[in-house]
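Visitor: Pasting a structure below so you can have a look.
The values are calculated or read from the model by the stated rules, or taken from the named source; none is laboratory data. Every value quoted in this text rests on a predicted model; they were computed, and no experiment measured them. Neighbour counts run over all protein chains shown; Cβ positions are idealised from the backbone, glycine included.
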Amino acid sequence: MLTAIVFLPLAVAVVLLPVPARAPRRLFVWSWILTAAVDLALVIVAWLRFRPSGGMQFTERVPWIPQAGISYHVGVDGLSLPLVAMSAVLFLAVAIYSLSETRRPKAYVILFLFLQTVCLGLFVAQDLILFFLFFDLSIVGMFFVIAGWGHGPARRHAALQFFLYTLSGSLVLLLGFIGLSLAAARPTFDMVELTAANPLAGRGVYAGLVLLAIGLGLAIKTPTFPVHTWLPPAHTDAPATGSAILAGVMLKMGTYGFVRIAMPMLPDAWRRYALIAVVVGVVSVVYGALVALAQTNVKRMIAYTSVNHMGYILLALGAAGAVAGDHAAARELAVTGAVTQMVSHGLLTGALFLLTGVLWDRRQTYRMDAYSGLAAITPVFAGATAVAAFGSLGIPGLSGFVAEFQIFTGSLATEPVATGIALLGILITAALFLRALQQIFLGPLHIPAAGAFPDLRPAEILSVLPLLALSVIIGIAPRFLLDVIEPASRVLIGLVAR
Amino acid sequence: VNENVDALLPEAFLAGAAVVGLLAGSWLRRDRQWLVGLLVTAACLAGIAAAAATLAGGRAYLVFSDVFAIDTVTGIGRIIVLAAVPLVICLSIDAVRGDKRETEYYVLLALSATGTLAMVGAADLLMLFAGFLLTSIAAYALAGFAKDRLSMEASLKYYLIGALCGVVMLAGIALLYAAGGSTGYAALRAQLPDASHALTALGVIGVLAGLLFKSGAVPAHFWVPDVTDGTPSPIAAFLTTVPKIGALIGMYRFAHQALPTSGVDWPLLLAVLATASMTLGNLAAFFQTSAQRLLAYSTISQVGYLLIPIAVADGRQSLLFYLAGYAVTNLGAFAVVACLPQDTPIAGYRGLFTRQPAVAISLLVCLLGLVGTPPTAVFIGKLEVFTAAVDGRYTWLAVVAAVNTVASLFYYLRWLVPVFQTAPGDAEPPRAVRWPRVAAYSAAAASIVLGVAAAALLPAGGPTLP
């Protein structure tokens, strides 16, 4: 089941390879849309058959390199299934949005199908080497997306910076994985076995170093302050679809790594150094928000809000590791909030990046002060952007509120000061989103260059509105999601408290 | 006494091809001399078949007055050498085609590889030394093959250091003979516990000097940068890959079959030398501007990793797998260098991805392979080496190797960065080379296949002589 979900896009990509690039553009994009839709249908089937309290499910395991303890092992639980589903939704949205892509459609579609396999594969991987492989291949895929379909003269440079930065991070991560594996009685890379064995229990400095390597590798990908500097240029120069996948799916690889690898496999070390995660999280929250406030480029601004949003996740995960007192319920709430935030951020930021792509498509600039009063001529565009922005800043009724409310309530019990500071982040993001909305959509009409500025096209509406609708559904009736996440966070809290 | 000639078929094929090729080369027209290359390739392929058949037999025994061991280590070592030689020939074709000494080039390759095979199987110090000489003499000639100033200098330096190390090695053999009363590994193993410790220790150091020279490890590494940078890339590829296989497997056999009872702490010596090779190679590679010189220092640091499995108790499997992975990956990197004009500096790789995307991807695979990223072969090799080191109570060595691996990323990336940058305006058209590209693609593919299919290919066990 999972193997089919993961490798279906890659199989389609292989089928498309021999098709001549001169074939009609729509052929490629429609095969991708169809593939993404089938894949999403498969994920929904898996979701319906998933038993929330059943732990790891749909597992498949085939020995790969048994001498080194490496196997092809996949499975989903309540932490990964929501992310798999969110990725499948986002890829379908991006596929629909790509109907307007005219540059080298064959290579473009094949690249995104490859990325889809890689992203889905990462969230279901239950072997560290498999995880690492998907982690690295996602970097390679995104490099080509930014370098090949980005815009702006500096796109090659931005792509290269992104590639080198995250690749170096991934190698540090690999080093941590090897350190973790060698500590086990019999070297293995199996996540389930390593989680059960807790091989570094009581190995003070060694465990700290392994956590440092893994934490640094994941922090670069997340990204958190101070290793976030690759993110703004990569986003600014990436195409809208690339940005949506990069922010929506690929940033989650880092935060997911924390809940899947760092916390359950290194519980001692995580508890000991939880304060570092809290501090880094809070600094990311405030710094990300402040720098976002100073941006004039709307896409760069959204990129920095991602740093801010990822900071909340890290704060929650750090708070979940703090052992002071007996706040199991609160810590569980924090973890659930963190996972919900990953899903919510994927949907909302994905939507926001697709919407800013509309600005570039119409007028080739992201400068906020170039636009004003757009609401008058593009009501749908303005409405959709407003909903996405409000969701992103955490207005009740949207998914961002559910996530952030749980994060703050959960973290307040163990980390009151940090949580208090992080609340500032919400205020600043509210200010910056309102300012951006006011600048672009309200006031007297002004658009750069003359000519029509059409409202959202059907393909754009069809790609963005489902994302917003899902966010509203999660905001109003979150139980279907929380029921899946909560048992898994309970298990995680149990593992961290070992 | 077992004098079963069948057991030495791979060596016989290659030596026979060298002799026949030399004779045939005198009669062949200039434009047909490539047939000699074909002959050597065919001999290698036949040798692989013979070696695989022997390996499948699953026996371990000594032949020819107990000087040559036929076992799993020999079998796999032979296959690695015999697979590397055709790859080198493939990446040389364009460089030597039409050269008036084309035949001699292929014959020298075959002779040097035959010597390597002799070192791989040697179970006697004199056999080891005979292999060392055969490899080296052909290699000196190869180093000077281009006959220009740089390659003459390289050849002379190579020869002088080689002659010195060879003499030291011979002296070491004499001392061990004096101490143990024999040059055979089995006899030495039996006699050395009773021998003079000082004599044994000096003898061991002498023998290691020769083998360290051949493998290009610190402190006998001074020839590596000059030879690699001063010779055409196909020859540099050969000299930094093939003789190393023989020297390292020869060292493994010498250490684990002749010395375990000697009382000399050679594991610690090798561990220190491994650390020095890794670290010095890396430090020197950091700021190189020439691609071939950078690769030269990279091979020095790679030898450091390869010394680790020799130093620890149970490193056989990791040594063989790392050697196989290193051979294809290193040859792949040199094949990419051979695709560009000779002596292209690293800056000259700017925009390679735009001009020749497939070659650039091959370079990416090979260089990241040398760093050791999954799913390439060297990754599995490094993983096995780290595991063997930790299991063998050399955790500090594994840590040093890991730190060096991270550091090595820096200079490999320094090379990769320009490859993916935009090309300068007046980009010259790609050079019309075909075969180095074939070699680069095959090596990159082989590096990934070896890594992905490692489970099936890791030498699972098989008999080795004690």
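Visitor: In the stretch B:416-466, what count of residues is obtained for those that are more than 26 Å from B:G121 (Cα to Cα), at pLDDT below 85 and more than 11 Å from chain A (Cβ to nearest Cβ)?
Guide: Adding up the residues that qualify gives 10.
Visitor: Here's something else I'd like to know. Assuming A:T255 fulfils every condition listed in (1) within 26 Å of A:Q364 (Cα to Cα); (2) modelled with pLDDT of 90 or more apart from one, which condition is it?
Guide: Failing condition for A:T255: (1).
Visitor: Something else: Would you check if there is a residue in the stretch A:352-364 being of a type in the set (D, E) and buried (at least 18 other Cβ atoms within 10 Å of the Cβ)?
Guide: No: the stretch A:352-364 contains no residue that is of a type in the set (D, E) and buried (at least 18 other Cβ atoms within 10 Å of the Cβ).
Visitor: Can you tell me which condition B:G332 does not meet? The list is (1) under 20 Å from B:A444 (Cα atoms); (2) within 14 Å of chain A (Cβ to nearest Cβ); (3) part of a helix (DSSP H, G or I), and all the others hold.
Guide: B:G332 satisfies every listed condition except (2).
Visitor: If I ask for residues that are touching a residue at least 12 places away in the same chain (Cβ under 8 Å) and surrounded by fewer than 23 Cβ atoms within 10 Å (Cβ to Cβ), which ones from the stretch A:458-467 would you list?
Guide: Within the stretch A:458-467, A:A459, A:I461, A:L462, A:L465, A:P466 qualify.
Visitor: Which numbered condition trips up A:Y304, out of (1) part of a helix (DSSP H, G or I); (2) at pLDDT below 90?
Guide: Of everything listed in (1) part of a helix (DSSP H, G or I); (2) at pLDDT below 90, A:Y304 misses just condition (2).
Visitor: Filter the stretch A:171-188 for residues that are of a type in the set (G, A, S), surrounded by fewer than 22 Cβ atoms within 10 Å (Cβ to Cβ) and not in a loop (DSSP other than H, G, I, E, B) and give the result.
Guide: Here is the first cut: in the stretch A:171-188, the ones of a type in the set (G, A, S) are A:176, A:179, A:181, A:183-185.
Within this subset, residues satisfying the condition of being surrounded by fewer than 22 Cβ atoms within 10 Å (Cβ to Cβ) are A:183-185.
The answer is A:A183, and nothing else.
Visitor: A further question on this structure: Could you grab me the full set of residues in the stretch B:350-386 that are crowded, with 23+ Cβ neighbours inside 10 Å and more than 14 Å from B:I448 (Cα to Cα)?
Guide: B:L352, B:F353, B:V359, B:K382, B:L383, B:E384, B:V385, B:F386
Visitor: All but one of (1) in contact (Cβ under 8 Å) with a residue 60 or more places away in the chain; (2) surrounded by fewer than 20 Cβ atoms within 10 Å (Cβ to Cβ) hold for A:M191; which doesn't?
Guide: (2)
Visitor: Moving on to the next point. Answer yes if at least one residue in the stretch B:312-323 is within 14 Å of chain A (Cβ to nearest Cβ), farther than 30 Å from A:G148 by Cα and among the hydroxyl-bearing types (S, T, Y), and no otherwise.
Guide: Yes, there is a match, as at least one residue in the stretch B:312-323 is within 14 Å of chain A (Cβ to nearest Cβ), farther than 30 Å from A:G148 by Cα and among the hydroxyl-bearing types (S, T, Y).
Visitor: Name the residue that is farthest from A:R103 (Cα to Cα), counting only residues in the stretch A:148-161 that are touching a Pro at 6+ places or on another chain (Cβ under 8 Å) and away from chain B (no Cβ under 11 Å).
Guide: Taking the stretch A:148-161 as the starting set, the residues that turn out to be touching a Pro at 6+ places or on another chain (Cβ under 8 Å) are A:149-151, A:154, A:157-158, A:161.
Going one step further and asking which of them are away from chain B (no Cβ under 11 Å), we end up with A:149-151, A:158.
Details: A:W149: 8, A:G150: 11, A:H151: 12, A:A158: 20 Å.
Going through the qualifying residues, I end up with A:A158.
Visitor: A further question follows. If you check B:Q317, B:Q292, B:Q288, which single one turns out to be part of a helix (DSSP H, G or I), surrounded by fewer than 24 Cβ atoms within 10 Å (Cβ to Cβ) and of a type outside the set (A, V, I, L, M, F, W, C)?
Guide: Being part of a helix (DSSP H, G or I), surrounded by fewer than 24 Cβ atoms within 10 Å (Cβ to Cβ) and of a type outside the set (A, V, I, L, M, F, W, C) holds for just one of B:Q317, B:Q292, B:Q288, which is B:Q317.
Visitor: What are the residues in the stretch A:129-142 that are within 10 Å of chain B (Cβ to nearest Cβ), surrounded by 20 or more Cβ atoms within 10 Å (Cβ to Cβ) and over 26 Å from A:M263 (Cβ atoms), if any?
Guide: Once the filter is applied, which keeps residues that are within 10 Å of chain B (Cβ to nearest Cβ), surrounded by 20 or more Cβ atoms within 10 Å (Cβ to Cβ) and over 26 Å from A:M263 (Cβ atoms), the stretch A:129-142 yields nothing.
Visitor: Show the residue pairs meeting these rules: Cβ distance below 9 Å; 6+ apart or different chains; first residue within the stretch A:252-263 and free of Cβ contacts under 8 Å to residues at least 60 places away in the same chain and under 21 Å from A:A197 (Cβ atoms); second residue of a type in the set (S, T, N, Q) and crowded, with 24+ Cβ neighbours inside 10 Å.
Guide: Once the first residue is free of Cβ contacts under 8 Å to residues at least 60 places away in the same chain and under 21 Å from A:A197 (Cβ atoms) and sits in the stretch A:252-263, its partners that are of a type in the set (S, T, N, Q) and crowded, with 24+ Cβ neighbours inside 10 Å give A:F258/A:T222.
Visitor: For the stretch A:33-71, give me each residue that is among the β-branched types (V, I, T), touching a strand residue (DSSP E or B) at 6+ places or on another chain (Cβ under 6 Å) and either more than 14 Å from chain B (Cβ to nearest Cβ) or not in a strand (DSSP E or B) (or both).
Guide: A:T59, the sole residue that qualifies.
Visitor: Of everything in the stretch B:178-190, what is buried (at least 18 other Cβ atoms within 10 Å of the Cβ) and either aromatic (F, W, Y) or part of a helix (DSSP H, G or I) (or both)? Give them in sequence order.
Guide: Result: B:A179, B:G180, B:Y185, B:L188, B:R189.
Visitor: What residue, of A:R155, A:R103, is surrounded by fewer than 21 Cβ atoms within 10 Å (Cβ to Cβ) and in contact (Cβ under 8 Å) with a residue 40 or more places away in the chain?
Guide: Exactly one residue qualifies, and that residue is A:R103.
Visitor: Go through (1) in a helix (DSSP H, G or I); (2) free of Cβ contacts under 8 Å to residues at least 12 places away in the same chain; (3) not acidic (D, E) and name the single condition B:T373 misses.
Guide: The failed condition is (1).
Visitor: How many of the residues in the stretch B:26-52 are under 19 Å from B:D94 (Cβ atoms) and small (G, A, S)?
Guide: Going through the stretch B:26-52 one residue at a time, the tally reaches 1.
Visitor: Moving to a separate point now. Test B:I380 against the stated conditions and say whether it is closer than 21 Å to A:S71 by Cα, facing chain A (nearest Cβ under 9 Å), in a helix (DSSP H, G or I) and modelled with pLDDT of 85 or more. It would help to see each step written out before you state the result.
Guide: Details: closer than 21 Å to A:S71 by Cα: yes; facing chain A (nearest Cβ under 9 Å): yes; in a helix (DSSP H, G or I): yes; modelled with pLDDT of 85 or more: yes.
Yes: the conditions hold for B:I380.
Visitor: Consider B:A69 against the criteria (1) assigned to a helix (DSSP H, G or I); (2) closer than 20 Å to B:F13 by Cβ: it satisfies all of them except one. Which criterion is unmet?
Guide: Among (1) assigned to a helix (DSSP H, G or I); (2) closer than 20 Å to B:F13 by Cβ, B:A69 violates only (1).
Visitor: Anything in the stretch B:207-222 that is more than 17 Å from B:A271 (Cα to Cα) and without any contact (Cβ under 8 Å) to a residue 60 or more places away in the chain? List them, or say none.
Guide: Within the stretch B:207-222, no residue meets the criteria.
Visitor: Further, regarding this structure: Out of the residues in the stretch A:231-289 meeting the condition of being among the aromatic types (F, W, Y) and in a helix (DSSP H, G or I), tell me which one is farthest from A:L467 (Cα to Cα).
Guide: A:W270
Visitor: So is B:L125 over 16 Å from the mean Cα position of the chain (by Cα) and within 20 Å of B:G246 (Cβ to Cβ) or not?
Guide: Details: over 16 Å from the mean Cα position of the chain (by Cα): yes; within 20 Å of B:G246 (Cβ to Cβ): yes.
When the stated conditions are applied, B:L125 passes them.
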